[in-house]
Amino acid sequence: MRLSTRGLYRLGAVAVILAAAWILVPRFGTESNLINLLRQAFLLALVATGVSLSMLVAGLDLSIGAVAALSSCLAATVIVQGHVVLGVLVGLAVGALGGLMNGAMIAKLKLPFFIMTFSMMFIVRGLALTYTQGTSIHGFPTSFTWLGKSFVGPLPMPVVVGAAVLGVLHLVLTKTTFGRITYAVGANAEAARFSGLAADRNIIHVYALSGLLASLSGLIYIARLNAADADLGMMWPLEGIAVAVIGGIAFSGGEGNILGLVLGGIVMAVVGNCVNLLGLPARFQDFFIGFVIILAVLIDHLTQKHGKVAK
Amino acid sequence: MKRFVRFACLALVGVVALAGVALAAKDPKDVHVALVVKDLTNRFFVEMKWGGESAGRQHGIRVTVLAPEKYAVDNQIRIMEDLIQQKVDAIVIVPIDGAGIVSGIERANKARIPVFNLNTLSTGGEVIGFAGIDHVQLGRIQGQWAVDTLKGKGNVVILEGTTGASSAIERQQGVTETLKKAPGIKVLASTTAKYNRQQAMKVMEDLLTRFPEIDMVLCANDAMALGAKEAIKDGRRKMMVVGIDAIPETLEAIQKGEMAGTVDSNGFDQGFVAVDLTAKYLLKDQKPPKDTLVGSGMATVITKENALAFDKSKAEKFKKFGIKVD
Amino acid sequence: MPRLAARVASVVSGPIIICLGMIGVFSLLSENFFSLSNAVNIIRQASVLALVAFGQTFVILLAGIDLSVGAVMGLTSCVTATLMLKAHLAPVLAAAIGVGVAALCGLVNGLVHSFLGLNPFVPTFGMWGMALGAALIITEERVLTGFPATLRVLHDGEFLGLPAPLLLVAAVLLVLHTFLKATPHGIATYAIGGNEGAAHLSGIRVRLHKTLIYAFSGFMAGLAGVLFLARSNAAQAIDTIGYEFDSIAAVVVGGTSLMGGKGGVAQTLVGVTLIATLRNGLNMVGVNLYLQLVFIGVVLILAYVTENQSVFHFLRELKRRLFGAPTSAEEA
């Protein structure tokens, strides 16, 4: 994987942040904390994948949290009865379906992504809440909770699953036609259409993938929590955007890569972790995140000026 | 022009059709009391809803229970405004914030709709009465049990509720004032997990990192306790976890040994008492007492020893009132 | 006769039809919906969103977006409350400073976007986080209450028999509408949104103009924050989170295009009215709380589809996809 200058700057910045935390925050560098950190970072990066993909095509999927909630609640109902594999499939299917609807309405009926995913968020969240009536579904068999709780060597399963998914995504984005079309559509959808690329189909696939990844993230979360609630993922769209932006994915589309996502996840996880370890009140976390976002983007912008022509 | 007319006709037909369906399904008018709670995704308030509805059935009046879709007092004000427009006979309000709800209560006062204040004290506006559980008392019960069980010595961490929420402030007050009486008990950290399960799991994880020796975790509600116990289980640590609210999932966890105890905050009785007093005010002109304190369903912490018995007594109570629990 | 009807048909857009349809349905399903007092009720409930959405309209006309308004509203209300409580400032002065802070936030947004060339999502999103964080820090995450009730007249008061928020929104609407349609600066806003390059070539100082518009959006968010404070009589940092998305939805549903250059504050008023009427109506009819969310989502999609595509285009498109028949020129 070839690292661009921006990627190098990012890597450097993250290294500095980690070093600073190691020195200044007590117990940051302990093995158990680093493992927690890694797990949290990959969980955040996974949540952000769907958002990032939709951002790559100059869109935004605001419905990821709601889709994760509905799909995981439906999946949970099946899983508690012992049918783990079926439950997982149900969850993923619901997520993909929701994403498909988003993509179809956006690509074919030319609905602005904002209105479509925003409304979808309401509809799906409402369905999830109506379905559970506010109760939680809990008590999963260990054949399911391993998804969130088990380890592969020293690495938590969410990290392994996350790394695998992100790795595959990276390959897809860089090595396949689908990936190339995605970047092209993001850069300029009209031009892509004129050059004969199946832009509409690509957009539909991207949003379907976003929904699928949202439901996967949801499943891992409920496996970890050992319970499914309809209020899962309330902050996911915003957290996902934060991770994506810190990671260098542009809202205007066509820019960004998976490594950036991982780095973004790490930064977000570090901020949260340090705030807790230092015993700081939770409110500082929001402020720091906002600050880091602006910093990340500024760095991007300044490094960009040296290379491409600024927009 | 033609298309516009066509569309307008379609819309008209649709409206008339819907109206027909609605009129056919309309209920007879009755005394109508509205109970506005904080959040219906919380089992505690669901039980409060059952209590209110049971009291309503006893008096033969109509009771509707509402909650805002967003956990914000502004949305509760909006609900109250809309209830005023619906000309309800009385409103029982559980304010998300005691000060923020005042303008809503005052609007109801202006519309001459009686308001009964439940569970969380409002700081203004005219109400016909207040009923609630003493949150400070809940905190004291939890704190005292901690002192007794740890025999006056040990390390504890506290997970607080949403910062600024009166229930959180009061429960915290009860816990800390009781713990202070035992100098051997050290409060290593007291931080908020916003009454949220996922947040509590994350915060607990980091607390486990910070402190290698923890004996007990005191949580201001069960949702947080359930999140914390998962983190403790995953971290393969051993410590006691106590919550408040006594929801069914907690009782299960207690019986499985994953949690040590919880405190009953008696949502059902609170809802029942509030609607009962309001109904008596509307139907029989009986002015409710200024303050009615509803006792905790159990004056002690519910632990493995008595969890089963507590659960059974609750189930019987629900059966008595004809409530279907799923 | 046909010309008059055609003019009516062009003004009465999809969202207006849906609004009227909703009013009809709700009036039949709830006996208290169709009343003067409920109309006043809806106006009061919609006024905060209206103010924020007007500011957002300007930004969207530029083909931009302002994600920070919800947090900035909250910052204003928290700053105003804190100044009244801790510094014992007069309410009007405290409110003025609060609004000033909001305008400053908007200015920063505008500067970063216009002069640094960053996509508007970015600075406004970052500002969202920082404004929220600042509000949480100022209030120490608590709810602020106990300040003088002077400002409440903005929401509860009545002048000449009309509710104060109505007068406020109407006045603001009139001023902004005139500005957009009749002044060179207003028209320049449309020009920039339509084609920024062309606007620049025709002599408009695009970057200055854009910066000021974002500052204006912050200003309107500040006004909305003060009105919100007047309404709830308490300040809490997280209470206004969500208004950013609601304001964008109101603007887009009302008919202003996200691509810029088309729309206006009058259309936004329709969007705001639609959302507020829907919420109120669902409450009045007593629809299950969770189902309300589903309704809102569906109606939003419907409203957008009938506005920008116009129902006929949409149905034509549907017909084409289902039956594959080519559209003939005379259908247009």
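The values are calculated or read from the model by the stated rules, or taken from the named source; none is laboratory data. In this text, all values refer to a predicted model and were calculated from it rather than measured experimentally. Cβ sites come from the backbone with ideal geometry, for glycine too, and all protein chains shown count toward neighbours.
Below is a table of values for the structure above.
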read-out: Subset of region C:217-253 (residues that are within 20 Å of C:P165 (Cβ to Cβ), among the aromatic types (F, W, Y) and more than 9 Å from chain B (Cβ to nearest Cβ)); value: C:F219, C:Y243
read-out: Given (1) of a type outside the set (D, E, K, R); (2) surrounded by fewer than 22 Cβ atoms within 10 Å (Cβ to Cβ); (3) closer than 30 Å to A:G253 by Cβ; (4) in contact (Cβ under 8 Å) with a residue 40 or more places away in the chain, number of the condition C:G110 does not satisfy; value: (2)
read-out: Residue count, region C:21-65 (criterion: more than 24 Å from C:G225 (Cα to Cα), of a type in the set (A, V, I, L, M, F, W, C) and touching a helix residue (DSSP H, G or I) at 6+ places or on another chain (Cβ under 8 Å)); value: 9
read-out: Exclusive hit being within 13 Å of chain C (Cβ to nearest Cβ), of a type in the set (A, V, I, L, M), more than 22 Å from A:R39 (Cβ to Cβ) and part of a helix (DSSP H, G or I), set A:I299, A:I289; value: A:I299
read-out: Pairs, first facing another protein chain (nearest Cβ under 7 Å) in region C:29-45, second basic (K, R), C-beta under 7 Å, six or more apart; value: C:N32/B:K87; C:Q45/B:R78
read-out: Filter result (more than 21 Å from B:D234 (Cα to Cα) and part of a helix (DSSP H, G or I)) within region B:174-219; value: B:G174, B:V175, B:T176, B:E177, B:T178, B:L179, B:K180
read-out: Count - residues of region B:226-248 that are more than 12 Å from every other protein chain (Cβ to nearest Cβ) and under 20 Å from B:A168 (Cα atoms); value: 6
read-out: Cβ-Cβ under 6 Å pairs, at least 6 apart or on other chains, region C:115-131 side facing another protein chain (nearest Cβ under 7 Å) and under 11 Å from C:G70 (Cα atoms), far side β-branched (V, I, T) and part of a helix (DSSP H, G or I); value: C:G129/A:I289
read-out: Residue within region C:162-172 that is part of a strand (DSSP E or B) and more than 14 Å from chain A (Cβ to nearest Cβ) present; value: yes
read-out: C:T124 being of a type outside the set (G, A, S) and under 29 Å from C:G194 (Cα atoms); value: yes
read-out: Those helices (runs of 4 or more DSSP H) lying entirely in region C:1-104 with at least 3 residues out of contact with any Ser or Thr (no Cβ under 9 Å at 6 or more places or on another chain), modelled with pLDDT of 90 or more and over 24 Å from C:V270 (Cα atoms); value: C:69-86
read-out: Residue among C:I137, C:I187, C:I204 that is assigned to a helix (DSSP H, G or I) and either more than 14 Å from chain A (Cβ to nearest Cβ) or under 24 Å from C:T273 (Cα atoms) (or both); value: C:I187
read-out: Residue list for region C:113-124, restricted to those being in a helix (DSSP H, G or I) and crowded, with 21+ Cβ neighbours inside 10 Å; value: C:H113, C:S114, C:F121, C:V122, C:P123, C:T124
read-out: Any chance C:G297 is touching a helix residue (DSSP H, G or I) at 6+ places or on another chain (Cβ under 7 Å), small (G, A, S), within 9 Å of chain A (Cβ to nearest Cβ) and buried (at least 23 other Cβ atoms within 10 Å of the Cβ); value: yes
read-out: Residue match in region C:208-219 (condition: without any contact (Cβ under 8 Å) to a residue 24 or more places away in the chain and either under 25 Å from A:A250 (Cα atoms) or surrounded by fewer than 21 Cβ atoms within 10 Å (Cβ to Cβ) (or both)); value: no
read-out: Extreme residue, surrounded by the most Cβ atoms within 10 Å (Cβ to Cβ), among residues of region B:67-110 that are in a helix (DSSP H, G or I) and among the small types (G, A, S); value: B:G104
read-out: Region A:99-135, subset small (G, A, S) and touching a Lys or Arg at 6+ places or on another chain (Cβ under 8 Å), residue farthest from C:V251 (Cα to Cα); value: A:G134
read-out: A:G218 vs. criteria on the phi > 0 side of the Ramachandran plot, surrounded by 20 or more Cβ atoms within 10 Å (Cβ to Cβ) and more than 9 Å from every other protein chain (Cβ to nearest Cβ); value: no
read-out: Region A:127-166, subset part of a loop (DSSP other than H, G, I, E, B) and more than 12 Å from every other protein chain (Cβ to nearest Cβ), residue surrounded by the fewest Cβ atoms within 10 Å (Cβ to Cβ); value: A:G153
read-out: Whichever residue in region B:304-322 is hydrophobic (A, V, I, L, M, F, W, C) and within 16 Å of B:N266 (Cα to Cα) and, among such residues, is farthest from the other protein chains (Cβ to nearest Cβ); value: B:A309
read-out: Any hit, region C:140-153, residues being within 30 Å of A:L298 (Cβ to Cβ) and either in contact with a helix residue (DSSP H, G or I) (Cβ under 7 Å, 6 or more places away or on another chain) or polar (S, T, N, Q) (or both); value: yes
read-out: Any chance C:L162 is closer than 16 Å to C:L212 by Cα, surrounded by fewer than 22 Cβ atoms within 10 Å (Cβ to Cβ) and out of contact with any Cys (no Cβ under 9 Å at 6 or more places or on another chain); value: no
read-out: All positions within region A:167-187 that are crowded, with 17+ Cβ neighbours inside 10 Å and within 20 Å of the chain's Cα centre (by Cα); value: A:L169, A:H170, A:L173, A:G179, A:T182, A:Y183, A:G186
read-out: Residues of region A:232-249 that turn out to be surrounded by fewer than 23 Cβ atoms within 10 Å (Cβ to Cβ) and outside any helix (DSSP H, G or I), as a count; value: 2
read-out: Whichever residue in region B:157-205 is under 13 Å from B:H135 (Cβ atoms) and touching a residue at least 60 places away in the same chain (Cβ under 8 Å) and, among such residues, is farthest from the other protein chains (Cβ to nearest Cβ); value: B:R171
read-out: Filtered residues of region A:81-101 (kept if more than 11 Å from chain C (Cβ to nearest Cβ) and not small (G, A, S)); value: A:Q81, A:H83, A:V84, A:V85, A:L86, A:V88, A:L89, A:V90, A:L92, A:V94, A:L97, A:L100
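Let's see how each residue does on (1) polar (S, T, N, Q); (2) surrounded by fewer than 18 Cβ atoms within 10 Å (Cβ to Cβ); (3) modelled with pLDDT of 90 or more:
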| residue | (1), (2), (3) |
| --- | --- |
| B:A17 | no, yes, no |
| B:G20 | no, yes, no |
| B:K26 | no, yes, no |
| B:K29 | no, yes, no |
| B:A34 | no, no, yes |
| B:D39 | no, no, no |
| B:W50 | no, no, yes |
| B:G56 | no, no, yes |
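A quick yes/no check of all residues on (1) more than 17 Å from B:T192 (Cβ to Cβ); (2) at pLDDT below 90; (3) among the small types (G, A, S); (4) out of contact with any strand residue (DSSP E or B) (no Cβ under 7 Å at 6 or more places or on another chain):
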{"site": "B:C219", "(1), (2), (3), (4)": "no, no, no, no"}
{"site": "B:M240", "(1), (2), (3), (4)": "yes, no, no, no"}
{"site": "B:T250", "(1), (2), (3), (4)": "yes, no, no, no"}
{"site": "B:I254", "(1), (2), (3), (4)": "yes, no, no, no"}
{"site": "B:G261", "(1), (2), (3), (4)": "yes, no, yes, no"}
{"site": "B:D264", "(1), (2), (3), (4)": "yes, yes, no, no"}
